[in-house]
2 protein chains.
Amino acid sequence: MRKIIQTADIEKMDRQYRTNLFNALSGYKGAHLVGTMDKEKHTNLALFNSVVHIGANPPLLGFVLRPTNVTRHTYENIKDTGYYTINHALIDHYEQAHQTSAKYPEDTSEFEAVGFAPFYGDLHPAPYVDDCLTNIGLEFVEEHTIEANQTILVVGRIIELMLPKRAIGADGHIDLAALGSVAVVGLDTYYKTEKLKRLSYARPRKA
Amino acid sequence: MRKIIQTADIEKMDRQYRTNLFNALSGYKGAHLVGTMDKEKHTNLALFNSVVHIGANPPLLGFVLRPTNVTRHTYENIKDTGYYTINHALIDHYEQAHQTSAKYPEDTSEFEAVGFAPFYGDLHPAPYVDDCLTNIGLEFVEEHTIEANQTILVVGRIIELMLPKRAIGADGHIDLAALGSVAVVGLDTYYKTEKLKRLSYARPRKA
């Protein structure tokens, strides 16, 4: 039986209930570790589950940041340096990845706090996560403030990409299940996946 | 061994290879059927894998539409009527859901073409998909054009929500695996999921 929830019900909801419900409602996401460096070369690592494909040519990814009314190192570092990395969290270490969202003291890097090793490419200063198998280096392109709640969509261009050769198919498709990339629902529930099928490009069927 | 791909390599990529690679790179997504109605009450149904959580209070979802240089019924209908639905595609019918992306003749509704039944709520005119177990009704709020590639982020406010009572936990979390919601990678590869664990709110660990 369908439970029907309308605006009047939503307005009466307990705050935590509403947070859980609406975070889960957007469905499966990847769990992505965003790595940045500040101007004094302190690293920062933060978990996001709001990465979205914006385009393939040029290659663009977006992700949504909460309002900047409290300190948001990720946002500040991206704006200060112009670069960041997105790294896919894996089944092997999703609990460690989740732990990066704890509020550590101002001078603590989440890399050290949770035990992830950074590494660097030759194109930009942002730290990659060595423990992740899919590492994406991005250059900040533009941002959009959502007027309705002051969240920010950050859009970046992919300038570097590293992943195991074995995971890239002959036609460019990436086998994320084989890599062990984890899926997440809401703020805290993690899933492993099993491939059902790869479908062909849809065309109208003949009668 | 990590394969390193940089901007110079990306520029030389085959178009289809690039499309596959960068669509998969954003990671797992939900497969969402967006239902709309035009001013003459013709229904439209289209599959999107770019739905993203924008906020819980007010409850907001975003999704990314490709440039409107060809006819995009979904976008036009949302702008004309102000309402749309987002419905989670399920393991039971993901091939049917995928089929909505075929280019049907102008006067054909994808509901009829692929055999999904519409139903309606009492708050707005947009059609829900009866075959889906999670049905979300939204009011258009704002749009943002990504300057880098002219895609559009459409943001809507959730005004109605229907899903089976059994799937909503006491704290509001939704068990998407129990509902059979399907996950998708790239444009065409579908996955079922298995829950690993729900983690608690992360706090710094004592030494």
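Annotation: B:Thr7 fulfils all but one of (1) polar (S, T, N, Q); (2) more than 27 Å from B:Lys192 (Cα to Cα); (3) away from chain A (no Cβ under 12 Å); the unmet one is (3). Of all residues in the range A:183-207, those being more than 7 Å from chain B (Cβ to nearest Cβ) and touching a residue at least 24 places away in the same chain (Cβ under 8 Å) number 2. Looking at the range A:28-54, which of its residues are out of contact with any Pro (no Cβ under 9 Å at 6 or more places or on another chain) and basic (Lys, Arg)? Across the range A:28-54, the qualifying residues are A:Lys29, A:Lys39.
Against the condition of a type in the set (Val, Ile, Thr) and at pLDDT below 95, how does A:Val34 come out, does it pass?
Values: of a type in the set (Val, Ile, Thr): yes; at pLDDT below 95: no.
So A:Val34 does not fit the description; no.
Testing A:Pro59 on (1) of a type outside the set (D, E, K, R); (2) in contact with a strand residue (DSSP E or B) (Cβ under 8 Å, 6 or more places away or on another chain); (3) at the interface with another protein chain (Cβ under 7 Å from one of its Cβ atoms); (4) under 30 Å from B:Asp130 (Cβ atoms), one condition comes back false. Which one is that? Of the numbered conditions (1) of a type outside the set (D, E, K, R); (2) in contact with a strand residue (DSSP E or B) (Cβ under 8 Å, 6 or more places away or on another chain); (3) at the interface with another protein chain (Cβ under 7 Å from one of its Cβ atoms); (4) under 30 Å from B:Asp130 (Cβ atoms), the odd one out for A:Pro59 is (4). Elements of the type strands (runs of 3 or more DSSP E) sitting completely within the range B:118-196 and holding at least 2 residues that are of a type in the set (Asp, Glu) and modelled with pLDDT of 95 or more: these cover B:135-145. For the range A:100-121, the count of residues that are of a type outside the set (Asp, Glu), buried (at least 17 other Cβ atoms within 10 Å of the Cβ) and within 15 Å of the chain's Cα centre (by Cα) is at least one. For A:Glu95, the conditions (1) over 22 Å from B:Leu199 (Cβ atoms); (2) within 8 Å of chain B (Cβ to nearest Cβ) are fulfilled apart from (1). Strands (runs of 3 or more DSSP E) fully within the range B:1-113 that include at least 1 residues being of a type in the set (Gly, Ala, Ser): B:32-37, B:43-48, B:52-56, B:59-65.
Of the residues making up the range A:129-151, at least one is in contact (Cβ under 8 Å) with a residue 40 or more places away in the chain, crowded, with 20+ Cβ neighbours inside 10 Å, of a type in the set (Val, Ile, Thr) and under 11 Å from A:Leu45 (Cβ atoms).
In the range B:197-207, which residues are of a type outside the set (S, T, N, Q) and not in a strand (DSSP E or B)?
Restricting attention to the range B:197-207, the residues satisfying the condition of being of a type outside the set (S, T, N, Q) are B:197-199, B:201-207.
The answer is B:Leu199, B:Tyr201, B:Ala202, B:Arg203, B:Pro204, B:Arg205, B:Lys206, B:Ala207.
B:Tyr84 meets all of the listed conditions (1) touching a helix residue (DSSP H, G or I) at 6+ places or on another chain (Cβ under 6 Å); (2) at the interface with chain A (Cβ under 8 Å from one of its Cβ atoms); (3) crowded, with 21+ Cβ neighbours inside 10 Å but one, namely (2). Please enumerate the residues belonging to the range A:159-181 that are under 26 Å from A:Glu95 (Cβ atoms) and more than 7 Å from chain B (Cβ to nearest Cβ). Once the filter is applied, which keeps residues that are under 26 Å from A:Glu95 (Cβ atoms) and more than 7 Å from chain B (Cβ to nearest Cβ), the range A:159-181 yields A:Arg166, A:Ala167, A:Asp175, A:Ala178, A:Leu179, A:Gly180. Only residues that are of a type in the set (A, V, I, L, M) and closer than 14 Å to B:Ile4 by Cα: list them for the range A:118-137, please. Hits for the range A:118-137 are A:Leu123, A:Leu133, A:Ile136. Mind checking which residues of the range A:17-54 are touching a Lys or Arg at 6+ places or on another chain (Cβ under 9 Å) and at positive phi? Of everything in the range A:17-54, just one residue is touching a Lys or Arg at 6+ places or on another chain (Cβ under 9 Å) and at positive phi, namely A:Gly27. When A:Gly55 is tested against (1) farther than 17 Å from B:Ile158 by Cβ; (2) touching a residue at least 12 places away in the same chain (Cβ under 8 Å), exactly one condition is not met: (2).
The values are calculated or read from the model by the stated rules, or taken from the named source; none is laboratory data. Here the structure is a predicted model, which is why all the values come from computation and not from measurement. All Cβ positions, even for glycine, are placed from backbone atoms using ideal geometry, and neighbour counts span all protein chains on display.
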